[in-house]
Amino acid sequence: MKIIIDKYAGFCFGVKRAVDKAFEEADKKKDRKIFTFGPLIHNDQVTGKLEELGIKSADSIDEINCEGAELIIRSHGIGEEEYRQIEEKGFGYIDCTCPYVSAIHKKVQEYYKKGYKIFIAGDKAHPEVIGINGWCDNSAHVIEDEKTVDKLPIYDKICLVAQTTITKKIWDSVVDAINKKYKNAIIFNTICSATEKRQESAEQLSKKVDCMIVIGSRKSSNTNKLYQICLENCDNAYHIEKAEDLPAGMLKGFETVGITAGASTPDWLIKEVIEKMQDNGNIMGDPVEIMENQESVVDDGEEMEKQEDTTEDQGNMMEEYEKTMRPVYPGDTVKGTVIMVTDDEVMVNIGYKSDGIIKKEDYTWDTDVSLKDIIKAGDELEVMVVSINDGEGNVVLSKKLLDAEKNFNKIEAAFNEKTPLEGFVKEIVKGGGIVELMGVRAFMPASQFDVRYSEDLSSFVNKKVNVEIIELDPQKRKVVVSRKSLLKKQNEIKEKALWENIEVGQKLTGEIKRLADFGAFADIGGVDGLIHISELSWSRVKHPSEIVKPGDKVEVIVLSVDKEKKKISLGLKQTVPEPWSAAGEKYKPGDVLDVKVLRFSNFGAFVELEPGIDGLIHISQISDKRIAKPSDALKIGEIVKAKIVDIKPEEKKISLSIRELIEAIGEEAKEEAEKPVIEEAKEEAEKPVIEEAKEEAAEKPIVEEVKEEAEKPAVEEAKEEAEKSVIEEVKQEAEEAAEKPIAEEAEEAAAENITEETAEETAEE
């Protein structure tokens, strides 16, 4: 009988990394309280051993009620909210999230913020999918197969990612369905390359053998998928969790048996299964050897001898060649030379039998940059080994992991020396924000963002900030930073320099920080000065918000300085010419203007000619009729025409009149009204004289004509006298009617003893 062990069976890089770290922490546990966030892997044998060593599993953060607890985040990863909860409770954590899963988190978060609807191809109950969904506010649609796509709503923008362990068959069918339904879908194949290779290899192997054994937990998603793949190609496929699940004699009659294992299955468990197969009478004493052709063969002696004979020379040559190569292991720091660069990958010669690959997400924190723009062939790099095989024979490398490790030492030194560092605000979380500090994740409380507390911190996202480390726990990898403390120190230096150099009359640049009813406060270099409301504008101001708002950059003049009381008075209006300085040239008596009614007094109405220049219309000059108060004829804010009657720029006085305009209009109207009255009077005066003459002419004989001719001059004279008398009488009546209101008003004003001069004196007071 021949036993073939799949090359890709067992731990993937991410799982191995998490398990190795957990056992490492267990060894140095001492009195530490360590938990895994959910079962570390889907393998009861591994989790059982960890529990024996004192590392317990917690399904939620709320379950952990002890102070000083430390969490190991499993390779499946967690959501954004869980990180916030960990930080809020002050727990330390060791993040063992698989780098491939972390890359999915970043993609999901990036496109979710851009307004894309997130689709996840996978099992909605799987912890990896739950964690991915946590980076888009748990709003993703989880697609288990192509039939699910038909039930989904239509979206303008979607982004599709995959659970790392989903089968390629399911993925291809989902992608096909998505492309048919959505025109602008962005699709990322995030199936782990190791998972793909494991599934492809298991498929090929299951087609060659008589029996297929799949080792791994029944809770493991990727193990169950492996079993389904093998069952499709081999009728005699069996899924076992441990060696004890293998019944005696089960394999009798099979010439070839294939073995594969899920990503959560440790090597020692695979070894126990093989030993069990040898001990139970199925294969007595048959040897096992790992072959270069990706198959491990357990064969009878004769077969092995033939194999050994044909491969002995090749093996010796390979052994001699590999002696020239330095061994590498996950976690090693190595140097290499860049041999090829694409937009998303760097290939590096590290002096090993295989070249190393650095993906963009493992090289830089800047996801928008092209690697071609920051690195070129021939460059020397120092990197960390993540895995010695990515499924295609390449070594997986990371520059970011090494930088973070090195930079943590720099961060620790900066903390001890109180040296400021430049960081990058990645996101705002509950209670503060996450700051990337040389590749290290740091927390900045909301109270430490600025000197003055701000409720809204969104303006800081994606901004560079200078910070000071105020708390550091190297063991827990906990870093707390503050921008506020640094700003305070900087402000103290600026404030000292300002008080030493400030003088009355200086012109300074400031920033409006806040408003009050009585004025605005401006930062002029670490110190706030007050611009009183009366110093904001030459015109009347009801509230500072009419002139300035917080954040405005303004030029101001220093009006007064009190160094003892630390008070500075500033002027804004002094930076522009005073309007009255040109009023004498701009305005003249007799000018008719459109003016705005500003306010009333007992003696008149104040109006605005232009911002900063007001005038007075005395109550006696508002109307041609008697009024008790200005509001009887005018409204605040009303635009009216008025005539300048007097101007004294040196005293900042302008007197105006509406009445004079009304009277001028009245004179014109009076003349027009008199014309028809006079004509009518003239006609009336002529009528009796003419009629009388006509009657006399009819009665008189011709003999008397001569007499009439003689009397003509006397008749004409009498006629003219009559006309004159009537016309004068009518004219007098018209004049009296027109002048009556003015005469009455003048009489009443005199009775009250109110004069314009008295009003102006009152206004000045």
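One table, with the values for the structure above:
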{"quantity": "Per-region count, the stretch 586-603, residues of a type outside the set (Asp, Glu) and farther than 15 Å from Glu638 by Cα", "calculated": "9"}
{"quantity": "Residue within the stretch 639-647 that is within 54 Å of the chain's Cα centre (by Cα), surrounded by fewer than 16 Cβ atoms within 10 Å (Cβ to Cβ), in a loop (DSSP other than H, G, I, E, B) and of a type in the set (A, V, I, L, M, F, W, C) present", "calculated": "no"}
{"quantity": "Residue satisfying all of: in the stretch 561-588; of a type in the set (S, T, N, Q) and under 43 Å from the mean Cα position of the chain (by Cα); nearest to Val527 (Cα to Cα) among these", "calculated": "Ser569"}
{"quantity": "Test: residue in the stretch 148-156 that is outside any helix (DSSP H, G or I), within 21 Å of Asp344 (Cβ to Cβ) and among the aromatic types (Phe, Trp, Tyr)", "calculated": "no"}
{"quantity": "Test: residue in the stretch 358-369 that is assigned to a strand (DSSP E or B), more than 32 Å from the chain's Cα centre (by Cα) and β-branched (Val, Ile, Thr)", "calculated": "no"}
{"quantity": "Breaking point among (1) exposed (fewer than 15 other Cβ atoms within 10 Å of the Cβ); (2) closer than 30 Å to Lys16 by Cβ; (3) in contact (Cβ under 8 Å) with a residue 12 or more places away in the chain, for Asn409", "calculated": "(3)"}
{"quantity": "Unmet requirement for Ile166, which otherwise passes all of (1) modelled with pLDDT of 90 or more; (2) under 19 Å from Val101 (Cβ atoms); (3) part of a loop (DSSP other than H, G, I, E, B)", "calculated": "(1)"}
{"quantity": "Check on Gln475, polar (S, T, N, Q), under 27 Å from His105 (Cα atoms) and not in a strand (DSSP E or B)", "calculated": "yes"}
{"quantity": "Residues being closer than 28 Å to Val554 by Cα, free of Cβ contacts under 8 Å to residues at least 24 places away in the same chain and assigned to a loop (DSSP other than H, G, I, E, B) - total across the stretch 576-633", "calculated": "1"}
{"quantity": "Residues of the stretch 411-438 classified as more than 16 Å from Lys464 (Cβ to Cβ) and part of a strand (DSSP E or B), total", "calculated": "2"}
{"quantity": "Which numbered condition Lys399 fails, given (1) surrounded by fewer than 20 Cβ atoms within 10 Å (Cβ to Cβ); (2) among the basic types (Lys, Arg); (3) farther than 28 Å from Tyr100 by Cα", "calculated": "(3)"}
{"quantity": "Selected residue [touching a helix residue (DSSP H, G or I) at 6+ places or on another chain (Cβ under 7 Å) and surrounded by 17 or more Cβ atoms within 10 Å (Cβ to Cβ)] from Gly584, Gly571", "calculated": "Gly571"}
{"quantity": "Filter result (more than 25 Å from Gly92 (Cβ to Cβ) and touching a Ser or Thr at 6+ places or on another chain (Cβ under 8 Å)) within the stretch 443-469", "calculated": "Tyr453"}
{"quantity": "Matching residues in the stretch 88-127 - criterion: being in a loop (DSSP other than H, G, I, E, B), over 16 Å from Ala185 (Cα atoms) and among the hydroxyl-bearing types (Ser, Thr, Tyr)", "calculated": "Thr97"}
{"quantity": "Conditions (1) modelled with pLDDT under 90; (2) outside any strand (DSSP E or B); (3) farther than 18 Å from Asp332 by Cα: number failed by Arg441", "calculated": "(2)"}
{"quantity": "Subset of the stretch 548-592 [modelled with pLDDT of 85 or more, among the polar types (S, T, N, Q) and out of contact with any Asp or Glu (no Cβ under 7 Å at 6 or more places or on another chain)]", "calculated": "Ser560, Ser569, Gln574"}
{"quantity": "Given (1) buried (at least 23 other Cβ atoms within 10 Å of the Cβ); (2) assigned to a loop (DSSP other than H, G, I, E, B); (3) touching a strand residue (DSSP E or B) at 6+ places or on another chain (Cβ under 6 Å), number of the condition Gly77 does not satisfy", "calculated": "(3)"}
{"quantity": "Residues that are surrounded by 14 or more Cβ atoms within 10 Å (Cβ to Cβ) and modelled with pLDDT under 85, drawn from the stretch 327-338", "calculated": "Val328, Pro330, Asp332"}
{"quantity": "Members of the stretch 112-154 that are over 24 Å from Ile73 (Cα atoms) and charged (D, E, K, R)", "calculated": "Lys113, Lys114, Lys117, Glu144, Asp145, Glu146, Lys147, Asp150, Lys151"}
{"quantity": "Residue list for the stretch 542-560, filter: surrounded by fewer than 17 Cβ atoms within 10 Å (Cβ to Cβ) and not polar (S, T, N, Q)", "calculated": "Lys542, His543, Glu546, Lys549, Pro550, Gly551, Asp552, Lys553, Glu555"}
{"quantity": "Filter result for the condition that a residue is closer than 22 Å to Ser539 by Cα, within 51 Å of the chain's Cα centre (by Cα), of a type in the set (A, V, I, L, M, F, W, C) and surrounded by 20 or more Cβ atoms within 10 Å (Cβ to Cβ), over Leu593, Leu598, Leu616, Leu609", "calculated": "Leu609"}
{"quantity": "Selection within the stretch 445-469 - of a type in the set (Ser, Thr, Tyr) and either more than 13 Å from Leu487 (Cα to Cα) or in a loop (DSSP other than H, G, I, E, B) (or both)", "calculated": "Tyr453, Ser454, Ser458, Ser459"}
{"quantity": "Qualifying positions in the stretch 508-520 - under 15 Å from Ser560 (Cβ atoms) and surrounded by fewer than 19 Cβ atoms within 10 Å (Cβ to Cβ)", "calculated": "Leu508"}
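Residues are listed down the side, and each one gets a yes or a no for (1) of a type outside the set (A, V, I, L, M); (2) crowded, with 19+ Cβ neighbours inside 10 Å; (3) out of contact with any strand residue (DSSP E or B) (no Cβ under 6 Å at 6 or more places or on another chain); (4) farther than 25 Å from Gln109 by Cβ:
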site: Asp344; (1), (2), (3), (4): yes, no, yes, no
site: Met347; (1), (2), (3), (4): no, no, no, yes
site: Ile374; (1), (2), (3), (4): no, no, yes, no
site: Asp379; (1), (2), (3), (4): yes, no, no, yes
site: Asn389; (1), (2), (3), (4): yes, no, yes, yes
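Rundown of residues vs (1) in a loop (DSSP other than H, G, I, E, B); (2) over 30 Å from Arg599 (Cα atoms), yes/no style:
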| residue | (1), (2) |
| --- | --- |
| Gly525 | yes, yes |
| Gly529 | no, yes |
| Ser534 | no, no |
| Val541 | yes, no |
| Ser560 | no, yes |
| Leu570 | no, no |
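The rows are residues; the columns are (1) out of contact with any Asp or Glu (no Cβ under 7 Å at 6 or more places or on another chain); (2) of a type outside the set (Asp, Glu).
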residue	(1), (2)
Cys12	yes, yes
Lys16	yes, yes
Thr47	yes, yes
Glu63	yes, no
His76	no, yes
Gly79	yes, yes
Phe91	no, yes
Cys98	yes, yes
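The values are calculated or read from the model by the stated rules, or taken from the named source; none is laboratory data. Model, not experiment: these values are computed from the prediction. FYI the Cβ positions are ideal-geometry reconstructions off the backbone, even for glycines, and counts take in every protein chain you see.
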